[in-house]
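The values are calculated or read from the model by the stated rules, or taken from the named source; none is laboratory data. This structure is a prediction, so every number in the text was calculated from the model and none was measured. So basically every Cβ, Gly included, is an ideal-geometry build from the backbone, and we count neighbours across all protein chains shown.
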Amino acid sequence: MRIRSSLVIGLIGSISIASMAMADGDNPSWHWSGDRTAKKVKKAPAKKPVAKPAYVAPKQKKVVDYNPPVSQTYEPAPQYQPPAPQYQPPVQTYQPPPPPPVQTYQPPVQNYSDANSSMRSYSQQTYVAPPPPPVAYAAPAVAYGATQNSAQKQSSPWGFAVSAGVESFVGGNFVQAANSAVFAGTIFNASMPGNAKMYLKGRNFGDMYKPALRTAIEIRHAAGEYSEYFANISYLKAQAKTNVLFGCYELQTAVGTCASELRGDATDLKQYAFELGYRQWFVVDGFAGFMPYYAVHGGIVHTDKIHLNMNAGANSLYNCCYYEATNSYTVGGELGVSKRIGSSAEFAAEIGIRYTSKLKGATSTNFDLAGLGAINDDASILSVPVNLRFQSSF
């Protein structure tokens, strides 16, 4: 602005000086040049005076548009955001159920009149429930190796057992009931002359033998949690009774009169058996640790030879082989109950029934001549065993 004002002022001064010179005339004058050398300078022709404007307006100030810088918005840097925590499941603490509440038994108040018409009432009584019964007997993990809980198992499914008991004979004809034909007494004994006849009563094995003693040893293998297979070998011996009444010896000279009783006995009964079987236990509440079971079995039995001695009074009629040594079959079954006595041992008691097929009757010429050849043809045996068992696992 200052420069522009100075230019304007200088311009106005120059114009004033020029006007004054023109007023002095057009004659040339000596003027000093810049180097002060005298030279004659021809004046320029005088110009016509220019009318000075009364007012010279200053130049308009150029307006410069000011564009301030575009304001910038401050955006702070994003702050650190920690990662979201992972889901942690809540820790669950097992709380045992509360004990059962004490039960209070409240019987109704009973009012009744006695003989004197006096009223009586029972006061309320508090009944405390008894403690819960013990856990029922845990069934065997294998039939012979029961444990107190099913999580415990025996190391081996194999086991053994020994048993002993008595066996009573309840059926089977040892001597069949029969009446002989008339025969000469001398075919049986030379000291018994004359014709005679025999009347035989039927006699079964129970009539001929005392209850037998049977012992057995058994190998067992678990078939399931409450069942097993087994194989056993047993020995039976029955002691013969003595002086058994068989019937009557009648002489034909005195028909209808028993001349002599027929009495006698047999040799002991001995048998050896091999059997296979299956045994099944049951879980029954309220048995206080006892486990009922059943067993079925069958196999082969060998019976030793049996001799018979028969007498008519003091005279011997027969003393010879009556049954041959015989191999026959046997089947049976038992019901029993067992009780644990340790981690892998049990005692058991059982009762059952056994059938043995008929023995082979020996041939007797004398009985054949007397018409009694079939008295030993149907000698099957029916018996009832009662045993005690001890069983364990290997």
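At-a-glance table
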| read-out | value |
| --- | --- |
| Residues being small (G, A, S), assigned to a strand (DSSP E or B) and within 36 Å of the chain's Cα centre (by Cα) - total across segment 325-361 | 8 |
| Residue in segment 174-223 that is surrounded by the fewest Cβ atoms within 10 Å (Cβ to Cβ), counting only those that are among the basic types (K, R) and in a strand (DSSP E or B) | K197 |
| Answer residue from segment 243-276, given it is of a type outside the set (A, V, I, L, M, F, W, C) and more than 17 Å from L200 (Cα to Cα) and is surrounded by the fewest Cβ atoms within 10 Å (Cβ to Cβ) among those | T253 |
| Matching residues in segment 337-394 - criterion: being among the aliphatic types (A, V, I, L, M), closer than 19 Å to K305 by Cα and surrounded by fewer than 18 Cβ atoms within 10 Å (Cβ to Cβ) | A362, A374, L382 |
| Index of the failed condition, S328 passing every other in (1) surrounded by 16 or more Cβ atoms within 10 Å (Cβ to Cβ); (2) touching a residue at least 40 places away in the same chain (Cβ under 8 Å); (3) not charged (D, E, K, R) | (2) |
| N309 surrounded by fewer than 16 Cβ atoms within 10 Å (Cβ to Cβ) and over 52 Å from the mean Cα position of the chain (by Cα) | no |
| Where L245 falls short, out of the listed (1) of a type outside the set (K, R); (2) out of contact with any Lys or Arg (no Cβ under 7 Å at 6 or more places or on another chain); (3) over 17 Å from V384 (Cβ atoms) | (2) |
| Residue among A184, A223 that is among the hydrophobic types (A, V, I, L, M, F, W, C) and either without any contact (Cβ under 8 Å) to a residue 40 or more places away in the chain or in contact with a Ser or Thr (Cβ under 6 Å, 6 or more places away or on another chain) (or both) | A184 |
| Segment 154-206: number of residues that are of a type outside the set (D, E, K, R) and over 23 Å from T253 (Cβ atoms) | 27 |
| Search result, residues across segment 247-272 that are in a strand (DSSP E or B) and within 15 Å of I306 (Cβ to Cβ) | G264, D265, A266, L269, K270, Q271, Y272 |
| Which listed residue is touching a Lys or Arg at 6+ places or on another chain (Cβ under 6 Å), of a type in the set (S, T, Y) and modelled with pLDDT under 95, from S156, S180 | S180 |
